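Have a look at the structure below, then the notes.
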2 protein chains.
Amino acid sequence: MKDLKSLLNVRYPIVQAPMLGVTTPAMVAAVSNAGALGSLPVGGLSPDRTRERIHATKALTDRPFAVNLFAHEPAKEINEAEITTMQDFLAELCLEFNIPFERQNPADFKFYYYEDLIEILLEENIPVVSYTFGRLKPDVIAAFKAKGTILAGTATSVAEAKLLAQDGNDIITVQGIEAGGHRGSFLADEPSPQIGLSALLPQVADVVDVPLLAAGGIYNQHTVKAAFALGASGVQVGSLFITADESAASEAYKQAVLNAKDTSTQLTRAFSGRWARGIQNEFMKRMDAKGISIPYYTIQNQLMSLIRAYAQKNNLKDFIALWAGQAAGNSKRASTEEIIKGLIAML
Amino acid sequence: MKDLKSLLNVRYPIVQAPMLGVTTPAMVAAVSNAGALGSLPVGGLSPDRTRERIHATKALTDRPFAVNLFAHEPAKEINEAEITTMQDFLAELCLEFNIPFERQNPADFKFYYYEDLIEILLEENIPVVSYTFGRLKPDVIAAFKAKGTILAGTATSVAEAKLLAQDGNDIITVQGIEAGGHRGSFLADEPSPQIGLSALLPQVADVVDVPLLAAGGIYNQHTVKAAFALGASGVQVGSLFITADESAASEAYKQAVLNAKDTSTQLTRAFSGRWARGIQNEFMKRMDAKGISIPYYTIQNQLMSLIRAYAQKNNLKDFIALWAGQAAGNSKRASTEEIIKGLIAML
C-alpha cells in the first residue's frame, strides 16, 4: 500500500475537511502552510467562481492543497407540484419569521456539475482532487490519471469503498455517521448508510487496499489514535475548523458549535434535499413536523438558497444549516494555524 | 480511577454482552471460565426464572459473572385503542404469513421489573450487576453498595454517563450507535441519541472518572485497540457470540448474522416498542410501511411475544428480532470458548 503522506506530498497525515460556506482560501492555505492538507470546496460553484477561489488560495500558499467536488448525478426530474408545495410552506414560514421570500421558477434553475470544473482543475495543476456524493465518470478519472492527479473519493459503506477502489482512487475518505455536513453516500440514500466510524473503517480496511482517511468525530488525541488503530493512514477533521478565525461561518453558527453537546446534531434533508448532519434548529424542527416531501438535491438546495443567504447575513441561527459533527462542541475559537498545529501535536 | 479488572475480578477486560434470547448459562460460564466476564441477561424475567438461570450458570462456573437487569420505568399508561390497532395489524399480517395469532387482553399483561429481582441477586451474591434502559432507584443502589456489589449502568450519551457516575456506578458501559440490540438510552427516546462510539466514548471519558466499557461494533484487533485508545478500560462484545455453539439463537438468526453486511442493520421499534438495532427483515419493513403508532416497551414486546416464539420455533427469520451490530457479519460459527479466546488474543 502506498504511503498517504507521499501521495499527498505533506508532512502530516491530516486533512482539513472541505466545508462549503465555512472553508475559505485563507483557511486552506493556513492548513497547507502548516504541513497538512487544506481542502478547497468548489462543489456546485460556477467555473468562474471555482477558478477565482483556486487563485485566491494559490496566492496564499505554495504548498499542495486539495480541491473538493460534488460528484452527484443531476436530479432526474423536476416535480413541479412538489416544488410548489415546498415553496408554499417556505413562504408561510418566512412570513411567520419575518424573512423576505422570493418564489423561484424551476425553469430558471441553473446547476453546475463537477464535469463543468474538470478542465479548470487540470489547467490549474491541482495535485489532489477529492470528491463526495458519487463516483467520477471513467473519462474524468482517465484525464486526472493522465495528469498525475491524486484522487480521493468518499465512502459511507463497504460497498461504496469497494467501488471507489475499483475506480482507481488513490485514497478513500471513510465517513462515519459522526461526521458533520452532508453524507457522502451514493449507493443508497433512503435510508442512507449510518455506520459508526469504529465499525465502518476496519471493515473497509479489511477489503480495500488503498490508504484510508478517517472522517467523523475526530477532535482529540484519543480520537486521532483510534482512527489509526482502526486502519486509517490519516484523519480528516472538519468541525474543529468551523470556529476558526478564517472560517466564513456566521457568529450565530460559531456560537451554536461552541455550545453543542454530543446529542445536539441530527440528520436532516431539510436544507438541501440530501442527508446531512447539523445542529438541530427551528427550521429542521418545522420541516420535520410538516412532513411534506422534500425535493431532492440540488432542487431543495436552490429553493433554500435565498433564505439561507438572508439568515447568514443577519446572523439568524434558525434558518442556516448548522452543519456539525458529533464532537463539534469541543471546538475553540482560534486561528486556523493554532487549530492545525494542535492536531499535529496529537499525532 | 480504579482498575476495571480488579473491580470485575477477571484476568481479561472483556465482557460478553447480555443478549436475552441468545445468551445461555453455558455461554456465560464459558466466557467466565476463560478469564473474561460473562453476563447473564434476566431483564423482564420472573423471579423464579431468574433464580433458575443463575443456578444453571453457577453449576457451570466458579468464576464471577454479571447479571444484567432492565432498569426502565413501567409503561405509564395502557392505550387500549393503540393496542387494538396494533393487534388488528398483527392479525392481518399473521394471516398473510400463515402464523397463528392470538389476541391478547391488556388486562392480562403481567410485567416483571428489576425491583422484583433485587432480593434474589443479593441472596445469590452476584458480584457484578449491570443494567440498561435507566437508572436504579437510590435504595436499590444502597442495598447493592452495602453488599459490595459492583454496579455497571449503560449510557448512550454524555448526559446519561454523568448521571450514572453521580449515582455511584463503579463502571459505565458506553454504548455506541454501532451496537446491536436495544439502545440503553433513558434520557430521551424519540429520537434516541445516535452517537458513534468513536465520538461518544472520548467525550464521556473527558467528563467521567470511572472505568468505561466500550460497546458497539467491536470485532477484531483494530476495534479492540481503538476502544482502548478512545478511553475505554475494557470492551463489551455481543454480536460475535450470536453464532456461538452455546447461543440460543435459531439457525435462521445465525444465518442472517453470518450473511450480514455493514449496511444490513437498522434501528427499529417494531419488535418491542424500544429502539433497537437489528438486521432488517420483512416484519420491520411491514411495520415501517404501515406507519401506525407502536405501543411503548413493554407493551409491544408483550404483543409480539407469541409471534416471536412461533417464528423462533419454526426458524422463520422474518418474524424474530435479528438483533445485531454493524460489524456482526464478521461472526464465525465456533464454541464460546474459541470466540472468547480469540478476543483475548486481540488484547
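Just so it is clear, none of the values below were taken in a lab; they were calculated from the coordinates. This is a predicted model, so every value here is computed, not measured. Cβ sites come from the backbone with ideal geometry, for glycine too, and all protein chains shown count toward neighbours.
Show log10 I(q)/I(0) for the stretch A:125-236 at q = 0.16, 0.20 Å⁻¹, two decimals, from a solvent-free Debye sum over equal Cα scatterers. Result of the Debye calculation: -0.67, -1.00.
Between copies, the label points at A:A146 (set 7 angstrom from Cα along Cα-to-Cβ) are spaced 8.3 nm, reported in nanometres from shortest to longest. Put a dot 7 Å past the Cα of B:A248, heading toward its Cβ, do the same for B:S335, and the two dots end up 2.2 nm apart.
The shape of the stretch B:56-114 comes out oblate: with a ≥ b ≥ c from the C-alpha gyration tensor, a/c is at least 1.5 while a/b does not beat b/c. Relative to the first principal axis of the alpha-carbon coordinates of chain A, what is the inclination of helix A:80-97, with its axis defined by its Cα atoms, in degrees from 0 to 90 and to the nearest 10? Once rounded, the angle reads 80 degrees. Taking 20 °C and 1.002 mPa s as conditions, the stretch B:96-157 diffuses translationally at an estimated 148 µm²/s according to Stokes-Einstein applied to its Kirkwood radius (Cα pairs). Sorted ascending by nearby beta carbons within 10 Å, beginning with the fewest, B:S250, A:S32, B:S130, A:S198 become B:S250, A:S32, B:S130, A:S198. Across peptide B:169-179, the average count of Cβ atoms from other chains found within 10 Å of a residue's Cβ is 2.
In order along the stretch A:287-297, the Karplus-derived 3J(HN,Hα) couplings, from 6.51 cos²θ - 1.76 cosθ + 1.60 at θ = phi - 60°, round to 5, 4, 5, 5, x, 7, 5, 9, x, 6, 3 Hz, and Gly and Pro are given as x.
The mean number of partner chain beta-carbon atoms within 10 angstrom of a residue's beta-carbon across peptide B:260-272 is 3.
The phi torsions of the stretch A:55-60, fed into the Karplus equation with coefficients 6.51, -1.76 and 1.60 and a -60° offset, translate into couplings of 5, 4, 6, 4, 5, 10 Hz, rounded to whole numbers, with Gly and Pro shown as x. Helical runs (DSSP H, four residues minimum) scored at -39500 (n - 2.57) apiece and divided by the length of chain B put the mean residue ellipticity at 222 nm at -10500 deg cm²/dmol. Among the residues of A:325-331, the average count of other protein chain beta-carbon atoms within 10 Å of the residue beta-carbon is 4.
When only alpha carbons of the stretch A:217-346 are considered, Rg and Dmax amount to 15.9, 47 Å. Exposure proxy for B:S335, B:S264: other Cβ atoms within 10 Å of each Cβ, ordered fewest to most, give B:S335, B:S264.
Across the options A:F65, A:S233, A:I141, the greatest Cα extent toward the positive end of the charge dipole of the stretch A:4-345 (unit charges at beta carbon of Lys, Arg, Asp, Glu) belongs to A:S233. Once C-alpha pairs closer than 8 Å and six or more residues apart are averaged by separation and normalised to the residue number of chain B, the relative contact order reads 19 percent.
Less than 5 angstrom separates the built amide H of B:A66 from those of B:G38, B:S39, B:L40, all sequence-distant by 5 or more or on a different chain. Each other copy holds its own label point for A:N79; taking that point as 7 Å from Cα along Cα to Cβ, the gaps run 2.8 nm, nearest first.
The dipole here belongs to the stretch A:4-345: it is taken about the Cα centre, uses +1 on the Cβ of Lys and Arg and -1 on the Cβ of Asp and Glu, and is about 820 debye. For the cross-link pairs A:K254/A:K332; A:K261/B:K162; B:K110/B:K285, the ones whose C-alpha atoms lie over 19 Å apart are B:K110/B:K285. Each residue of the stretch A:2-11 is assigned a 3J(HN,Hα), and the resulting list reads 5, 8, 4, 5, 5, 4, 8, 6, 10, 7 Hz, derived from the Karplus form 6.51 cos²θ - 1.76 cosθ + 1.60 (θ = phi - 60°), x at Gly and Pro.
Summing charges over neighbours of A:P47, with a neighbour being any other residue whose Cβ is under 14 Å away from its Cβ, gives -3 when K and R count +1 and D and E count -1. Taking the inverse of the mean reciprocal distance over all distinct Cα pairs, the Kirkwood hydrodynamic radius of the protein assembly as shown comes to 26.4 Å.
Using label points projected 7 Å from each Cα along Cα→Cβ, tell me how many nm separate B:M1 and B:A188, to one decimal. Distance between the two pseudo-spin positions: 2.5 nm. Computed from Cα positions, the angle between helix B:197-207 and the longest principal axis of chain B comes to roughly 50 degrees. Largest GNM mean-square fluctuation among B:P202, B:P74, B:P25, using chain B with Cα springs under 10 Å: B:P74.
From a point 7 Å beyond the Cα of A:K147 in the direction of its Cβ, which residues of the stretch A:53-80 have a backbone N at a distance under 20 Å? Hits in the stretch A:53-80 for A:K147 at 20 Å: A:53-73.
Overall dimensions of the stretch A:180-252, expressed as equivalent-ellipsoid semi-axes from the Cα gyration tensor (√(5λ), whole Å, largest first), are 24, 18, 10.
Each residue in A:K147, A:K5 was given a count of other beta-carbon atoms within 10 angstrom of its own, and listing them fewest first yields A:K147, A:K5. The Rg/Rh ratio of the stretch B:161-297, with both radii computed over alpha carbons and Rh defined as the Kirkwood radius, is 0.99. Just to confirm the numbers: B:D318, label point 7 angstrom along the Cα-Cβ line, distances to the other copies in nm, shortest first? When each copy's label point is compared with this one, the spacings are 4.6 nm.
The amide H of A:S335, built 1.01 Å from its N in the peptide plane, has A:D245 as neighbours under 5 Å, considering only residues 5 or more places off or on other chains. Each of B:L95, A:N330, B:P211 was placed along the dipole of the protein assembly as shown (beta-carbon charges, centred on the mean Cα), and the one lying farthest toward the positive end is B:P211. Less than 5 angstrom separates the built amide H of A:G234 from those of A:L212, A:A214, all sequence-distant by 5 or more or on a different chain. With no solvent and one equal point scatterer placed on each C-alpha of chain B, evaluate the Debye formula and give log10 I(q)/I(0) for q = 0.09, 0.12 Å⁻¹, two decimals. Taking Cα atoms of chain B as identical point scatterers yields -0.44, -0.82.
What aspartates and glutamates sit close enough to A:K76 to cross-link, taking a C-alpha to C-alpha distance under 19 Å and skipping anything fewer than 8 places away on the same chain? Reachable aspartates and glutamates: A:D108, A:E115, A:D116, A:D189, A:E190.
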